Amino acid sequence: MSRSLRLDRRRFLGSTAAAGALVSAPAFLSMPAIAQSGRPGVSHGLQSGDVGMHDAVVWARADRPASMLVEWATTDSFRDSTVLSGPDVIDATDFTGKLRLTGLPAGQDIFYRVHFRDLADVNVEGEAVVGRLRTAPAAKRDIAFTWSGDTCGQGWGINLDWGGMRGYRAMLDTNPDFFIHSGDTVYCDNPLQEAVELADGSIWRNLMTEEKSKVAETLAEFRGNFKYNLLDENLRAFNAAVPMFAQWDDHEVTNNWFPGRMLDSDDRYTVKSASLLAARAARAFHEYVPIRPNADEPARVYRKIAYGPSLDIFMIDLRSYRGVNGDGMEAQLTPEARVLGQEQMRWLKQELLASNATWKVIASDMPIGLIVWANFATQSGVEAVANGDDGPAAGRELEFADLLRFIHHNDIANTVWLTADVHYTAAHHYSPERAQFQDFAPFWEFVSGPIHAGTFGPNALDMTFGPEVRFQAVPDGVNLPPSAGLQFFGHVAIDGDSEVMTVSLMNIAGETLWSTDLDPA
């Protein structure tokens, strides 16, 4: 199906606004509002996620205890629609609700609308809000998607004078089928100040809420970080039109956390256990992100999303199962040296081996070859994978050496790694001819972010797996604000006929900074 025949997001947003008999004036484009006339309202817009050929997750939040009602159809007129009863949303989930839609037609634009019925008076229903998604195709067709990470970090919040989180508007303009959020979906450890003086003497003014005035420790404060981001009209418009495939990293909890870490030296925290904070953060993350529930492990983030015959996406989690951020020089793959963990590694190998898709995108919340220190001042502690010694694989690198060897020996073709985390954008090509560990096939890793946070970089590369910088765009300074323009996202287009993958690195002005075409093996 030609992309020119699809319903453009801008047309969708316009058509929903025009459908006055069907939906109130586009609620997802206005600030979350108190319910009108005592009727239950959709408080923070709509979201969809984890879209497959025949299913998708739909999310909304009510402003009071209510029943979630969802209707979907293949046209914006909602003719011949399917009406579904969703969950009751109460204070136990902070009034958030998710419903998995099933039986959807493949490769189809799906329009859905959500409204709530008041649990205090079941005769009272609120206005509907309309969203849109596109299911994965059953046959080969053009596919386009974006990825980035890092939303609302380093003190840069919603500045209404600047236009809010403009990176999401730039991604919306590319008309993607879906968006991969590579982690740091919120910054629960980065409180905001109302005013920040910039280098040129101008003032960056943050929209403020109580929950964003301190580090998050309580469940309510973690939830408040997600609600804060959803105050932004750019993000709500994007969410209403583009499904999100989300993963998490560290700032959903606190910087550089690992299970068992104690925050004894951080006076901002009265709760010192990172594991306790992580449990509360995971609860909020799964309440506020349209992630497909996992019955066996409710807090699981890693999963595969099959998006038609051309593409499988493997969402991995380098945060939840890691050992201590040590020196990374372990000679054996001990539990402390792992970052994926044994069970997730077994799952990833099995799913890669079983995949029949042409392209296997591995969406990682951290890069492979870039050196990310737990303490940049002393350049100590391995926070990501690379240990900085340029030598044979050791520590966490052993796990990735094992994975890359497995991919190579089993002739698993066309793997591409996408990530964010380091707050700049880059293209890295890995090859055994440049590497210390050589038992793997060449591959690409593309880095892009932040979408709305401080800009940093560049990081040094570790040569264990032979990475080479083919492109990078980095700031001239540290923690540059979004208004400096160095906010980045990546765009991937897969041609429906040739299956050539075009990867582009873009900025929030919508400019393509660098691009490459990858031919499928």
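Structure values in brief
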quantity	calculated
Some residue of segment 274-281 being part of a loop (DSSP other than H, G, I, E, B) and open to solvent by less than 60 Å² (accessible area, probe 1.4 Å)	no
Of the criteria (1) open to solvent by less than 30 Å² (accessible area, probe 1.4 Å); (2) under 30 Å from ASP519 (Cβ atoms); (3) not in a strand (DSSP E or B), which one GLU252 fails	(2)
Residues of segment 202-223 classified as outside any strand (DSSP E or B) and open to solvent by 40 Å² or more (accessible area, probe 1.4 Å), total	10
Single residue of PRO259, PRO293 found to be touching a helix residue (DSSP H, G or I) at 6+ places or on another chain (Cβ under 8 Å), surrounded by fewer than 17 Cβ atoms within 10 Å (Cβ to Cβ), at pLDDT below 95 and in a loop (DSSP other than H, G, I, E, B)	PRO293
Selected residue (criterion: farthest from ASN414 (Cα to Cα)) from residues of segment 329-365 that are crowded, with 18+ Cβ neighbours inside 10 Å and polar (S, T, N, Q)	GLN344
Some residue of segment 142-154 being touching a residue at least 24 places away in the same chain (Cβ under 8 Å), surrounded by fewer than 20 Cβ atoms within 10 Å (Cβ to Cβ) and more than 23 Å from the chain's Cα centre (by Cα)	no
Residues (part of a loop (DSSP other than H, G, I, E, B), more than 22 Å from the chain's Cα centre (by Cα) and in contact (Cβ under 8 Å) with a residue 12 or more places away in the chain) located in segment 358-393	THR358, ALA386, ASN387, GLY388, ASP389, ASP390, GLY391, PRO392, ALA393
Residue check for ARG236: more than 23 Å from GLY163 (Cβ to Cβ), at pLDDT 95 or above and either under 23 Å from the mean Cα position of the chain (by Cα) or open to solvent by 10 Å² or more (accessible area, probe 1.4 Å) (or both)	no
Condition check for SER77: at pLDDT 95 or above, of a type in the set (Ser, Thr, Tyr) and open to solvent by less than 50 Å² (accessible area, probe 1.4 Å)	no
Residue list for segment 460-506, restricted to those being open to solvent by less than 40 Å² (accessible area, probe 1.4 Å), assigned to a loop (DSSP other than H, G, I, E, B), touching a strand residue (DSSP E or B) at 6+ places or on another chain (Cβ under 6 Å) and under 25 Å from ALA377 (Cα atoms)	PRO475, PRO481
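The values are calculated or read from the model by the stated rules, or taken from the named source; none is laboratory data. Because the structure is a prediction, the values reported are computed rather than measured. Ideal geometry is used to build each Cβ from the backbone, glycine not excepted, and the neighbour counts take in all protein chains shown. SASA here: full protein model, heavy atoms, side chains in, ligands and nucleic acids out. Shrake-Rupley method; radii C 1.70, N 1.55, O 1.52, S 1.80 Å.
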